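Participant: Right, I'll just put the structure down here and ask away after.
The values are calculated or read from the model by the stated rules, or taken from the named source; none is laboratory data. In this text, all values refer to a predicted model and were calculated from it rather than measured experimentally. Ideal geometry is used to build each Cβ from the backbone, glycine not excepted, and the neighbour counts take in all protein chains shown. Keep in mind that these areas ignore ligands, DNA and RNA; they rest on the heavy atoms of the full protein, side chains included. Shrake-Rupley method; radii C 1.70, N 1.55, O 1.52, S 1.80 Å.
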Amino acid sequence: MTAVGIDAMEIWVGNLELDLPGTFAPAQGEDPGKYTKGLGLHSSSFPDSYEDIVTMGANAAHRLMDRKGLEPEDIGRIDVATESAFDNSKPVSTYIAGCLEQVYEGDFHHANKGERKFACISGTQSVNDAFNWIKSGRSRGRSALVIATDTALYARDDPGEATQGAGAVAMLISEDPSLVELSTEQGFGSADETDFLKPQQQFPSVDGKRSMQVYLARMREALEDYEAIAEDIHPDSFAYIPFHTPFPGMVRKAALLAYRHTSRDTDVEDSLAEEIGRQPRESEFEDRESYEDAVREYTDALAETETYQSWYEAVVEPTLSISREVGNWYTGSVHIARASALRHAYQNDVDLEGKTLGVGSYGSGAQAEVHAEYVQSGWREEIEAMNVEEQLDSRYDLTFEEYETIHDAHNHDLDTDIEALTTPENEFVFDGWGRMGERQYSYVE
Ligand code: HMG
(Lines give C-alpha, C1' and ligand atoms only; values in the text may rest on other atoms or scores of the structure.)
Protein backbone atom coordinates (compact mmCIF):
# COMPACT_ATOMS: atom_id res chain seq x y z
CA MET A 1 0.00 0.00 0.00
CA THR A 2 1.07 3.58 -0.58
CA ALA A 3 3.01 5.49 2.06
CA VAL A 4 1.08 7.56 4.60
CA GLY A 5 2.63 10.21 6.79
CA ILE A 6 3.22 13.89 7.38
CA ASP A 7 3.03 15.80 4.14
CA ALA A 8 3.73 19.25 5.57
CA MET A 9 3.83 21.13 8.83
CA GLU A 10 3.69 24.68 10.11
CA ILE A 11 4.14 26.12 13.56
CA TRP A 12 2.67 29.18 15.25
CA VAL A 13 4.71 30.66 18.08
CA GLY A 14 2.99 32.75 20.79
CA ASN A 15 3.73 36.42 20.05
CA LEU A 16 5.50 37.15 23.35
CA GLU A 17 8.84 35.95 24.68
CA LEU A 18 10.24 35.70 28.21
CA ASP A 19 14.04 35.66 28.47
CA LEU A 20 14.64 33.00 31.12
CA PRO A 21 18.29 33.59 32.15
CA GLY A 22 18.13 37.35 31.51
CA THR A 23 14.73 38.37 32.91
CA PHE A 24 13.08 35.50 34.79
CA ALA A 25 16.06 34.06 36.73
CA PRO A 26 17.17 37.38 38.31
CA ALA A 27 13.59 38.24 39.31
CA GLN A 28 13.27 34.80 40.96
CA GLY A 29 16.65 35.17 42.68
CA GLU A 30 18.01 32.20 40.70
CA ASP A 31 21.28 31.50 38.92
CA PRO A 32 20.82 31.88 35.12
CA GLY A 33 22.89 28.69 34.78
CA LYS A 34 19.89 26.68 35.98
CA TYR A 35 18.20 27.64 32.70
CA THR A 36 21.06 27.69 30.21
CA LYS A 37 22.99 24.68 31.54
CA GLY A 38 20.53 22.73 33.74
CA LEU A 39 17.17 22.87 31.96
CA GLY A 40 18.74 23.89 28.61
CA LEU A 41 16.29 26.73 27.97
CA HIS A 42 16.88 30.30 26.73
CA SER A 43 13.34 31.62 26.50
CA SER A 44 9.66 30.74 26.65
CA SER A 45 6.96 31.78 24.21
CA PHE A 46 3.74 33.27 25.60
CA PRO A 47 0.40 34.19 24.09
CA ASP A 48 -0.51 37.87 23.96
CA SER A 49 -3.90 38.81 25.45
CA TYR A 50 -5.71 38.19 22.12
CA GLU A 51 -4.10 34.76 21.60
CA ASP A 52 -5.18 31.35 22.86
CA ILE A 53 -5.13 27.70 21.77
CA VAL A 54 -7.75 28.40 19.08
CA THR A 55 -6.01 31.41 17.51
CA MET A 56 -2.59 29.73 17.54
CA GLY A 57 -3.99 26.49 16.10
CA ALA A 58 -6.05 28.29 13.45
CA ASN A 59 -3.08 30.49 12.48
CA ALA A 60 -0.78 27.48 12.05
CA ALA A 61 -3.46 25.65 10.04
CA HIS A 62 -4.15 28.72 7.89
CA ARG A 63 -0.46 29.08 7.00
CA LEU A 64 -0.33 25.38 6.17
CA MET A 65 -3.44 25.40 3.97
CA ASP A 66 -2.39 28.56 2.13
CA ARG A 67 1.10 27.29 1.49
CA LYS A 68 -0.15 23.96 0.17
CA GLY A 69 -2.91 25.59 -1.89
CA LEU A 70 -5.64 23.66 -0.03
CA GLU A 71 -9.34 24.42 0.22
CA PRO A 72 -11.66 23.11 2.97
CA GLU A 73 -13.01 20.34 0.70
CA ASP A 74 -9.48 18.84 0.54
CA ILE A 75 -9.64 18.15 4.29
CA GLY A 76 -11.67 15.16 5.54
CA ARG A 77 -10.73 15.37 9.20
CA ILE A 78 -9.66 17.98 11.72
CA ASP A 79 -8.23 16.56 14.93
CA VAL A 80 -7.01 18.80 17.69
CA ALA A 81 -4.76 17.62 20.47
CA THR A 82 -4.58 19.83 23.51
CA GLU A 83 -4.42 19.70 27.24
CA SER A 84 -5.43 23.35 27.58
CA ALA A 85 -9.04 23.08 26.38
CA PHE A 86 -11.47 25.61 27.87
CA ASP A 87 -14.66 23.82 26.87
CA ASN A 88 -15.66 20.41 28.23
CA SER A 89 -18.15 19.69 25.46
CA LYS A 90 -17.56 21.57 22.22
CA PRO A 91 -14.22 20.50 20.77
CA VAL A 92 -11.50 23.02 19.92
CA SER A 93 -11.51 21.65 16.35
CA THR A 94 -14.99 23.19 15.80
CA TYR A 95 -13.74 26.59 16.98
CA ILE A 96 -10.72 26.29 14.68
CA ALA A 97 -12.86 25.19 11.71
CA GLY A 98 -15.10 28.21 12.39
CA CYS A 99 -12.07 30.49 12.23
CA LEU A 100 -10.83 28.96 8.97
CA GLU A 101 -14.29 29.24 7.41
CA GLN A 102 -14.03 33.02 7.87
CA VAL A 103 -11.14 33.14 5.38
CA TYR A 104 -11.98 30.36 2.89
CA GLU A 105 -14.95 30.21 0.56
CA GLY A 106 -15.82 26.60 1.27
CA ASP A 107 -16.63 24.95 4.58
CA PHE A 108 -15.68 21.91 6.64
CA HIS A 109 -19.23 20.59 7.03
CA HIS A 110 -18.22 17.16 5.75
CA ALA A 111 -15.01 16.92 7.75
CA ASN A 112 -14.94 14.72 10.84
CA LYS A 113 -13.79 16.80 13.83
CA GLY A 114 -12.56 15.68 17.18
CA GLU A 115 -10.35 16.41 20.12
CA ARG A 116 -7.90 14.23 21.94
CA LYS A 117 -6.55 14.46 25.44
CA PHE A 118 -3.75 12.50 27.00
CA ALA A 119 -1.31 15.15 28.10
CA CYS A 120 1.50 15.57 25.59
CA ILE A 121 1.09 12.27 23.79
CA SER A 122 -2.30 13.16 22.31
CA GLY A 123 -0.66 14.97 19.36
CA THR A 124 1.01 11.75 18.26
CA GLN A 125 -2.19 9.80 18.93
CA SER A 126 -4.06 12.21 16.62
CA VAL A 127 -1.44 11.67 13.92
CA ASN A 128 -1.95 7.92 14.39
CA ASP A 129 -5.74 8.31 14.10
CA ALA A 130 -5.27 10.14 10.80
CA PHE A 131 -2.81 7.48 9.58
CA ASN A 132 -5.31 4.71 10.41
CA TRP A 133 -8.18 6.61 8.74
CA ILE A 134 -6.22 6.90 5.51
CA LYS A 135 -4.81 3.34 5.64
CA SER A 136 -8.30 1.90 6.23
CA GLY A 137 -9.49 3.41 2.94
CA ARG A 138 -12.01 5.79 4.52
CA SER A 139 -10.43 9.10 3.52
CA ARG A 140 -11.91 9.43 -0.03
CA GLY A 141 -8.57 10.85 -1.18
CA ARG A 142 -8.72 13.69 1.33
CA SER A 143 -6.07 14.64 3.89
CA ALA A 144 -6.33 15.08 7.65
CA LEU A 145 -5.40 18.23 9.49
CA VAL A 146 -3.86 17.50 12.89
CA ILE A 147 -3.33 20.47 15.19
CA ALA A 148 -1.45 20.26 18.48
CA THR A 149 -2.01 23.46 20.44
CA ASP A 150 -1.33 24.40 24.05
CA THR A 151 -0.71 27.20 26.47
CA ALA A 152 1.58 25.34 28.85
CA LEU A 153 1.33 27.65 31.84
CA TYR A 154 1.93 26.68 35.46
CA ALA A 155 0.76 28.45 38.63
CA ARG A 156 3.04 31.31 39.67
CA ASP A 157 5.95 30.10 41.80
CA ASP A 158 5.39 26.44 40.87
CA PRO A 159 8.77 24.93 39.83
CA GLY A 160 7.14 24.16 36.47
CA GLU A 161 6.98 27.91 35.78
CA ALA A 162 10.55 27.54 34.52
CA THR A 163 9.42 25.31 31.65
CA GLN A 164 6.34 27.16 30.33
CA GLY A 165 5.58 27.81 26.66
CA ALA A 166 2.78 28.41 24.18
CA GLY A 167 2.32 27.56 20.53
CA ALA A 168 0.71 25.32 17.96
CA VAL A 169 1.80 22.85 15.31
CA ALA A 170 -0.38 22.07 12.31
CA MET A 171 0.34 18.91 10.30
CA LEU A 172 -1.15 17.61 7.10
CA ILE A 173 -1.43 13.82 7.06
CA SER A 174 -1.72 12.42 3.56
CA GLU A 175 -0.95 9.59 1.19
CA ASP A 176 2.43 9.91 -0.55
CA PRO A 177 3.67 12.48 1.96
CA SER A 178 6.44 14.95 1.16
CA LEU A 179 8.03 15.02 4.62
CA VAL A 180 8.01 11.66 6.43
CA GLU A 181 6.29 8.30 6.10
CA LEU A 182 5.17 6.77 9.42
CA SER A 183 6.19 3.23 10.34
CA THR A 184 3.54 0.60 10.96
CA GLU A 185 5.59 -0.60 13.92
CA GLN A 186 4.90 1.14 17.22
CA GLY A 187 5.88 0.50 20.82
CA PHE A 188 3.92 1.60 23.89
CA GLY A 189 4.74 2.01 27.58
CA SER A 190 1.72 2.97 29.66
CA ALA A 191 0.71 3.01 33.35
CA ASP A 192 -1.76 4.73 35.66
CA GLU A 193 0.41 7.47 37.20
CA THR A 194 -0.42 10.62 39.15
CA ASP A 195 2.68 12.76 38.61
CA PHE A 196 1.16 15.57 36.53
CA LEU A 197 -2.57 16.18 36.25
CA LYS A 198 -5.23 18.89 36.05
CA PRO A 199 -8.39 17.58 37.72
CA GLN A 200 -10.87 20.30 36.64
CA GLN A 201 -8.24 23.00 37.05
CA GLN A 202 -6.29 25.17 34.65
CA PHE A 203 -2.78 24.89 36.06
CA PRO A 204 -1.21 21.47 36.62
CA SER A 205 -0.62 19.76 39.94
CA VAL A 206 2.83 18.36 39.36
CA ASP A 207 5.40 16.34 41.22
CA GLY A 208 8.25 17.50 38.99
CA LYS A 209 11.03 15.15 40.07
CA ARG A 210 8.77 12.11 39.97
CA SER A 211 7.40 13.15 36.58
CA MET A 212 10.93 12.88 35.22
CA GLN A 213 11.32 9.33 36.58
CA VAL A 214 7.94 8.35 35.15
CA TYR A 215 8.92 9.79 31.74
CA LEU A 216 12.07 7.66 31.69
CA ALA A 217 10.32 4.49 32.89
CA ARG A 218 7.51 4.70 30.30
CA MET A 219 9.96 5.63 27.52
CA ARG A 220 12.08 2.56 28.32
CA GLU A 221 8.99 0.33 28.20
CA ALA A 222 7.91 1.83 24.88
CA LEU A 223 11.38 1.26 23.45
CA GLU A 224 11.32 -2.39 24.59
CA ASP A 225 7.87 -2.83 23.06
CA TYR A 226 9.06 -1.24 19.82
CA GLU A 227 12.12 -3.49 19.73
CA ALA A 228 9.87 -6.52 20.13
CA ILE A 229 8.27 -5.88 16.73
CA ALA A 230 10.87 -3.84 14.83
CA GLU A 231 14.12 -5.40 13.70
CA ASP A 232 17.09 -5.20 16.05
CA ILE A 233 17.83 -1.57 16.59
CA HIS A 234 21.19 0.06 17.01
CA PRO A 235 22.11 3.63 18.03
CA ASP A 236 23.08 4.28 14.41
CA SER A 237 19.70 3.13 13.06
CA PHE A 238 18.42 6.70 13.33
CA ALA A 239 19.57 9.93 11.70
CA TYR A 240 17.80 11.90 14.45
CA ILE A 241 15.75 11.03 17.51
CA PRO A 242 13.12 13.66 18.31
CA PHE A 243 11.80 13.11 21.85
CA HIS A 244 8.96 14.79 23.68
CA THR A 245 10.82 17.81 25.07
CA PRO A 246 9.35 19.41 28.20
CA PHE A 247 12.81 21.04 28.43
CA PRO A 248 16.09 19.98 26.76
CA GLY A 249 17.60 18.73 30.05
CA MET A 250 14.92 16.00 30.16
CA VAL A 251 15.93 14.80 26.70
CA ARG A 252 19.58 14.67 27.79
CA LYS A 253 18.51 12.02 30.32
CA ALA A 254 16.21 10.14 27.92
CA ALA A 255 18.86 10.04 25.17
CA LEU A 256 21.46 8.47 27.48
CA LEU A 257 18.99 5.80 28.52
CA ALA A 258 18.07 5.11 24.88
CA TYR A 259 21.73 4.90 23.88
CA ARG A 260 22.60 2.48 26.68
CA HIS A 261 19.61 0.36 25.79
CA THR A 262 20.15 0.23 22.04
CA SER A 263 23.91 -0.29 22.26
CA ARG A 264 23.60 -3.38 24.46
CA ASP A 265 24.92 -6.52 22.69
CA THR A 266 26.19 -4.47 19.76
CA ASP A 267 29.59 -3.54 18.36
CA VAL A 268 29.26 -0.26 20.32
CA GLU A 269 29.21 -2.11 23.66
CA ASP A 270 32.18 -4.22 22.48
CA SER A 271 34.21 -1.21 21.42
CA LEU A 272 33.59 0.60 24.73
CA ALA A 273 34.34 -2.44 26.90
CA GLU A 274 37.99 -1.63 27.40
CA GLU A 275 37.24 1.96 28.39
CA ILE A 276 34.23 1.51 30.70
CA GLY A 277 33.57 -2.24 30.97
CA ARG A 278 30.50 -4.10 29.71
CA GLN A 279 26.91 -3.29 30.57
CA PRO A 280 25.77 -4.93 33.81
CA ARG A 281 23.41 -7.94 33.37
CA GLU A 282 20.88 -8.54 36.14
CA SER A 283 21.73 -12.26 36.34
CA GLU A 284 25.24 -11.33 37.49
CA PHE A 285 23.95 -9.62 40.66
CA GLU A 286 22.56 -10.97 43.92
CA ASP A 287 19.84 -8.40 44.24
CA ARG A 288 18.07 -5.72 42.25
CA GLU A 289 19.60 -2.89 44.26
CA SER A 290 23.21 -3.79 43.49
CA TYR A 291 22.28 -4.33 39.83
CA GLU A 292 20.70 -0.84 39.68
CA ASP A 293 23.76 0.71 41.34
CA ALA A 294 25.97 -0.93 38.71
CA VAL A 295 23.71 0.31 35.90
CA ARG A 296 23.90 3.87 37.28
CA GLU A 297 27.69 3.65 37.47
CA TYR A 298 27.96 2.30 33.91
CA THR A 299 25.57 4.98 32.63
CA ASP A 300 27.57 7.79 34.27
CA ALA A 301 30.75 6.44 32.66
CA LEU A 302 29.00 6.04 29.29
CA ALA A 303 27.91 9.70 29.35
CA GLU A 304 31.58 10.75 29.57
CA THR A 305 32.75 8.75 26.55
CA GLU A 306 33.66 10.40 23.28
CA THR A 307 31.58 7.76 21.47
CA TYR A 308 28.39 8.72 23.30
CA GLN A 309 29.01 12.45 23.19
CA SER A 310 29.59 12.56 19.45
CA TRP A 311 26.46 10.43 18.86
CA TYR A 312 24.42 12.82 21.05
CA GLU A 313 25.77 15.89 19.22
CA ALA A 314 24.82 14.41 15.85
CA VAL A 315 21.54 12.62 16.59
CA VAL A 316 19.83 14.38 19.52
CA GLU A 317 21.23 17.89 20.05
CA PRO A 318 19.83 19.13 16.67
CA THR A 319 16.30 18.25 17.82
CA LEU A 320 16.40 20.81 20.63
CA SER A 321 16.96 24.14 18.88
CA ILE A 322 13.33 25.34 18.72
CA SER A 323 12.45 23.99 22.15
CA ARG A 324 15.28 26.01 23.73
CA GLU A 325 13.61 29.19 22.46
CA VAL A 326 9.96 28.36 23.19
CA GLY A 327 9.74 26.03 26.22
CA ASN A 328 7.21 23.23 26.54
CA TRP A 329 4.33 23.12 24.06
CA TYR A 330 2.92 19.93 25.60
CA THR A 331 1.11 18.24 22.66
CA GLY A 332 3.27 20.00 20.07
CA SER A 333 6.62 19.44 21.71
CA VAL A 334 7.76 16.24 19.97
CA HIS A 335 6.64 17.76 16.66
CA ILE A 336 8.80 20.84 17.11
CA ALA A 337 11.66 18.48 17.96
CA ARG A 338 11.16 16.80 14.56
CA ALA A 339 11.02 20.22 12.89
CA SER A 340 14.25 21.29 14.64
CA ALA A 341 16.05 18.19 13.42
CA LEU A 342 14.91 18.58 9.82
CA ARG A 343 15.77 22.29 9.91
CA HIS A 344 19.26 21.40 11.15
CA ALA A 345 19.67 18.95 8.27
CA TYR A 346 18.44 21.57 5.81
CA GLN A 347 20.77 24.27 7.14
CA ASN A 348 23.75 21.89 7.06
CA ASP A 349 22.98 20.44 3.66
CA VAL A 350 22.56 16.91 5.01
CA ASP A 351 21.25 14.36 2.54
CA LEU A 352 18.33 12.93 4.53
CA GLU A 353 16.15 11.30 1.92
CA GLY A 354 15.44 7.67 2.87
CA LYS A 355 16.94 8.09 6.34
CA THR A 356 15.08 7.04 9.48
CA LEU A 357 13.97 9.12 12.46
CA GLY A 358 13.20 7.44 15.80
CA VAL A 359 10.37 9.36 17.43
CA GLY A 360 9.72 9.17 21.20
CA SER A 361 6.43 10.75 22.30
CA TYR A 362 5.28 11.05 25.89
CA GLY A 363 2.38 12.25 27.97
CA SER A 364 2.05 12.41 31.74
CA GLY A 365 -0.51 10.21 33.35
CA ALA A 366 1.38 8.35 31.69
CA GLN A 367 2.22 6.91 28.30
CA ALA A 368 5.15 6.82 25.92
CA GLU A 369 5.10 5.76 22.27
CA VAL A 370 8.02 5.00 19.97
CA HIS A 371 7.80 4.71 16.20
CA ALA A 372 10.01 5.29 13.19
CA GLU A 373 9.62 7.78 10.35
CA TYR A 374 11.21 7.57 6.91
CA VAL A 375 12.26 10.89 5.38
CA GLN A 376 10.69 11.49 1.95
CA SER A 377 12.06 13.15 -1.16
CA GLY A 378 10.15 16.46 -0.68
CA TRP A 379 11.42 17.14 2.85
CA ARG A 380 13.84 19.90 1.84
CA GLU A 381 11.21 22.08 0.08
CA GLU A 382 8.80 21.61 2.99
CA ILE A 383 11.32 22.70 5.60
CA GLU A 384 12.57 25.59 3.48
CA ALA A 385 9.00 26.94 3.32
CA MET A 386 8.61 27.16 7.12
CA ASN A 387 9.34 30.57 8.69
CA VAL A 388 10.52 29.47 12.13
CA GLU A 389 13.33 32.07 12.55
CA GLU A 390 11.08 34.91 11.47
CA GLN A 391 8.46 33.96 14.05
CA LEU A 392 11.00 33.50 16.84
CA ASP A 393 12.75 36.79 16.05
CA SER A 394 9.60 38.89 15.84
CA ARG A 395 8.33 38.09 19.35
CA TYR A 396 7.89 40.91 21.86
CA ASP A 397 10.43 40.64 24.68
CA LEU A 398 8.61 40.81 28.06
CA THR A 399 9.82 42.61 31.16
CA PHE A 400 9.20 40.70 34.37
CA GLU A 401 6.30 43.02 35.30
CA GLU A 402 4.69 42.50 31.89
CA TYR A 403 5.14 38.75 32.31
CA GLU A 404 3.29 38.87 35.64
CA THR A 405 0.41 40.77 34.02
CA ILE A 406 0.16 38.50 31.00
CA HIS A 407 0.19 35.40 33.24
CA ASP A 408 -2.75 36.94 35.16
CA ALA A 409 -4.52 37.77 31.90
CA HIS A 410 -4.45 34.07 30.94
CA ASN A 411 -5.46 32.88 34.41
CA HIS A 412 -9.09 31.70 34.11
CA ASP A 413 -9.74 32.51 37.79
CA LEU A 414 -8.83 36.18 37.41
CA ASP A 415 -10.66 38.85 35.50
CA THR A 416 -7.71 40.82 34.16
CA ASP A 417 -8.41 43.04 31.20
CA ILE A 418 -5.17 44.30 29.68
CA GLU A 419 -3.99 46.12 26.59
CA ALA A 420 -2.27 43.82 24.10
CA LEU A 421 1.51 44.26 23.91
CA THR A 422 1.66 43.56 20.18
CA THR A 423 -0.49 44.47 17.20
CA PRO A 424 -1.99 41.47 15.42
CA GLU A 425 -1.52 41.31 11.67
CA ASN A 426 -2.91 38.73 9.24
CA GLU A 427 -4.00 36.44 12.03
CA PHE A 428 -6.98 35.18 13.99
CA VAL A 429 -7.62 36.88 17.33
CA PHE A 430 -9.88 36.30 20.31
CA ASP A 431 -12.35 39.17 20.30
CA GLY A 432 -14.82 38.61 23.12
CA TRP A 433 -17.55 36.41 24.51
CA GLY A 434 -20.75 35.19 22.90
CA ARG A 435 -24.22 34.94 24.44
CA MET A 436 -23.65 31.37 25.73
CA GLY A 437 -20.26 32.12 27.20
CA GLU A 438 -18.39 30.88 24.14
CA ARG A 439 -15.16 32.47 23.03
CA GLN A 440 -15.40 34.34 19.73
CA TYR A 441 -12.80 34.99 17.07
CA SER A 442 -12.16 37.18 14.07
CA TYR A 443 -9.47 37.54 11.43
CA VAL A 444 -7.39 40.72 11.48
CA GLU A 445 -5.76 41.86 8.22
P1 HMG B 1 13.54 22.76 39.76
O2 HMG B 1 13.49 22.37 41.19
O3 HMG B 1 13.05 24.10 39.41
O4 HMG B 1 14.99 22.72 39.17
O5 HMG B 1 12.74 21.64 38.99
P6 HMG B 1 16.30 21.96 39.70
O7 HMG B 1 16.83 22.65 40.90
O8 HMG B 1 16.06 20.47 39.76
O9 HMG B 1 17.28 22.29 38.49
C10 HMG B 1 17.02 21.77 37.21
C11 HMG B 1 18.33 21.24 36.64
O12 HMG B 1 19.23 22.33 36.53
C13 HMG B 1 19.03 20.20 37.51
O14 HMG B 1 19.70 19.32 36.63
C15 HMG B 1 20.06 21.02 38.28
O16 HMG B 1 21.18 20.28 38.71
C17 HMG B 1 20.45 22.05 37.22
P18 HMG B 1 19.65 17.73 36.87
O19 HMG B 1 20.16 17.48 38.22
O20 HMG B 1 18.17 17.33 36.77
O21 HMG B 1 20.45 17.17 35.73
N22 HMG B 1 20.94 23.32 37.77
C23 HMG B 1 22.04 23.95 37.32
N24 HMG B 1 22.92 23.63 36.36
C25 HMG B 1 23.96 24.50 36.12
N26 HMG B 1 24.12 25.67 36.82
C27 HMG B 1 23.26 26.02 37.78
C28 HMG B 1 22.15 25.14 38.07
N29 HMG B 1 21.11 25.18 38.95
C30 HMG B 1 20.38 24.06 38.74
N31 HMG B 1 23.41 27.15 38.45
C32 HMG B 1 11.62 20.63 37.15
C33 HMG B 1 12.88 21.33 37.61
C34 HMG B 1 11.81 20.11 35.75
C35 HMG B 1 11.32 19.44 38.08
C36 HMG B 1 10.46 21.66 37.21
O37 HMG B 1 10.69 22.72 36.32
C38 HMG B 1 9.09 21.07 36.91
O39 HMG B 1 8.39 20.59 37.79
N40 HMG B 1 8.67 21.11 35.59
C41 HMG B 1 7.36 20.61 35.19
C42 HMG B 1 7.33 19.11 35.08
C43 HMG B 1 8.17 18.59 33.92
O44 HMG B 1 8.49 19.30 33.00
N45 HMG B 1 8.49 17.27 33.97
C46 HMG B 1 9.21 16.64 32.89
C47 HMG B 1 8.82 15.19 32.69
S48 HMG B 1 7.05 14.98 32.59
C49 HMG B 1 6.66 15.52 30.97
O50 HMG B 1 7.50 15.68 30.15
C51 HMG B 1 5.21 15.76 30.68
C52 HMG B 1 4.80 17.21 30.57
O53 HMG B 1 5.24 17.73 29.34
C54 HMG B 1 3.29 17.32 30.71
C55 HMG B 1 2.41 16.47 29.85
O56 HMG B 1 2.67 15.33 29.53
O57 HMG B 1 1.36 16.97 29.57
C58 HMG B 1 5.37 18.06 31.67
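Participant: Less than 18 Å apart at the alpha-carbon level, and either on another chain or at least 8 residues along: which lysines does that give for Lys198?
Facilitator: Counting by Cα, and skipping residues close in sequence, Lys198 has these lysines nearby: Lys117, Lys209.
Participant: About the Cα centre of the range 4-444, what is the dipole size in debye to 20, counting +1 per Lys and Arg Cβ and -1 per Asp and Glu Cβ, all else neutral? Provide the component values of the computation, followed by the final result.
Facilitator: Values: 36 positive and 84 negative charges, 208 e Å.
In debye, rounded to 20, the range 4-444 gives about 1000.
Participant: Dividing the Cα convex hull volume of the chain by residue count, how many Å³ per residue is that? Show your work: numbers first, answer last.
Facilitator: Working: hull volume 65.6 nm³, N = 445.
So the per-residue Cα hull volume is 147 Å³.
Participant: Could you please put Lys209, Lys90, Lys113 in sequence from largest to smallest accessible area, using a 1.4 Å probe?
Facilitator: Values: Lys209 160, Lys90 85, Lys113 65 Å².
From most exposed to least exposed: Lys209, Lys90, Lys113.
Participant: In the range 4-444, with Lys and Arg counted as +1 and Asp and Glu as -1 at Cβ, which of these residues, Gln279, Gln391, His109, has the Cα nearest the positive end of the dipole, that is, farthest along it?
Facilitator: Highest projection toward the positive end goes to His109.
Participant: While we're on this one: Could you pull the Cα extents of the range 222-321 along its three principal axes, largest to smallest, in whole Å?
Facilitator: Its Cα atoms span 43, 31, 27 Å along the three principal axes.
Participant: So how tilted is helix 306-315 from the main axis of the chain? Cα-based, degrees 0 to 90, rounded to 10.
Facilitator: 20 degrees
Participant: Would you work out the relative contact order for the chain, in percent, from Cα pairs under 8 angstrom that are 6 or more residues apart? Can you show the working numbers first?
Facilitator: On the way: 918 pairs, mean separation 109.7, N = 445.
It comes to 25 percent, rounded to a whole number.
Participant: Sticking with this one: Between the helical axis of 53-67 and the dominant principal axis of the chain, each derived from Cα atoms, what acute angle in degrees is found, rounded to the nearest 10?
Facilitator: The helix 53-67 is inclined about 90 degrees to the chain.
Participant: In Å, what is the Rg of the alpha-carbon atoms in the range 263-355, and how long is Dmax?
Facilitator: Using the Cα atoms of the range 263-355, the pair Rg, Dmax is 17.6, 51 Å.
Participant: Still on this structure: Mind listing the phi-derived Karplus ³J(HN,Hα) values for the range 86-91, rounded to whole Hz, using 6.51, -1.76 and 1.60 with θ = phi - 60°, and x for any glycine or proline?
Facilitator: Karplus-based 3J(HN,Hα) across the range 86-91 equals 10, 9, 7, 10, 7, x Hz.
Participant: Toward the positive end of the charge dipole of the chain, about the Cα centre and with charges on Cβ (Lys, Arg +1; Asp, Glu -1), which of Val295, Pro235, Trp379 goes farthest?
Facilitator: Value computed over the given set: Trp379.
Participant: Only bridges whose two residues both fall in the chain count here: according to DSSP, what percent of them are antiparallel, nearest 5?
Facilitator: Working: 47 of 63 bridges.
About 75 percent, rounded to the nearest 5.
Participant: Restricting things to alpha carbons, find the Rg to Rh ratio for the range 290-445 using the Kirkwood radius for Rh. Before the final figure, lay out the partial values.
Facilitator: Details: Rg = 21.3 Å, Rh = 19.9 Å.
Ratio of gyration radius to Kirkwood radius: 1.07.
Participant: Could you tell me which of Met212, Val169, Gly187 has its Cα farthest along the dipole of the range 157-215 towards the positive end, charges placed at Cβ (Lys, Arg +1; Asp, Glu -1), taken about the Cα centre?
Facilitator: Met212
Participant: I need the peptides 3-15, 432-444 ranked by packing, meaning the mean over residues of other C-beta atoms within 10 angstrom, with the highest value on top. Before the final figure, lay out the partial values.
Facilitator: Values: 3-15: 24.9, 432-444: 11.8.
Highest-to-lowest ranking by the protection proxy: 3-15, 432-444.
Participant: 7 Å from Cα along Cα→Cβ at both Tyr291 and Glu445: what's the point-to-point distance in nm?
Facilitator: It is 6.9 nm.
Participant: Can you tell me which of Ala170, Ala314, Ala58 moves the most in a GNM of the chain? Springs connect C-alpha atoms under 10 Å apart.
Facilitator: Of Ala170, Ala314, Ala58, the most mobile in the Gaussian network model is Ala314.
Participant: Right, next: Quick one: Cα centre-to-centre distance for the range 185-227 and the range 276-297, in angstrom?
Facilitator: So the separation of the two Cα centres works out to 25 Å.
Participant: Given R₀ = 35 Å, FRET efficiency for Thr423-Tyr104 by Cβ-Cβ distance, to 0.05? Don't skip to the answer; put the middle values down first.
Facilitator: Details: r = 24 Å, r/R0 = 0.69.
Step by step, r from the Cβ atoms, then E = 0.90.
Participant: Moving on to the next point. With a 1.4 Å probe and all protein chains kept in place, how do Arg67, Arg138 rank by accessible area, largest first?
Facilitator: Details: Arg67 70, Arg138 175 Å².
Correct descending sequence by accessible area is Arg138, Arg67.
Participant: Can you give the angle from 0 to 90° between the axis of helix 248-263 and the longest principal axis of the chain, with both taken from C-alpha atoms, to the nearest 10?
Facilitator: Compared with the principal axis, the helix lies near 40 degrees.
Participant: Once fully extended, how much extra length lies between Ala228 and Asp408, figured as 0.36 nm per residue of separation less the alpha-carbon to alpha-carbon distance?
Facilitator: Working: separation 180, 0.36 × 180 = 64.80 nm, distance 4.77 nm.
Length difference between fully extended and current span is 60.0 nm.
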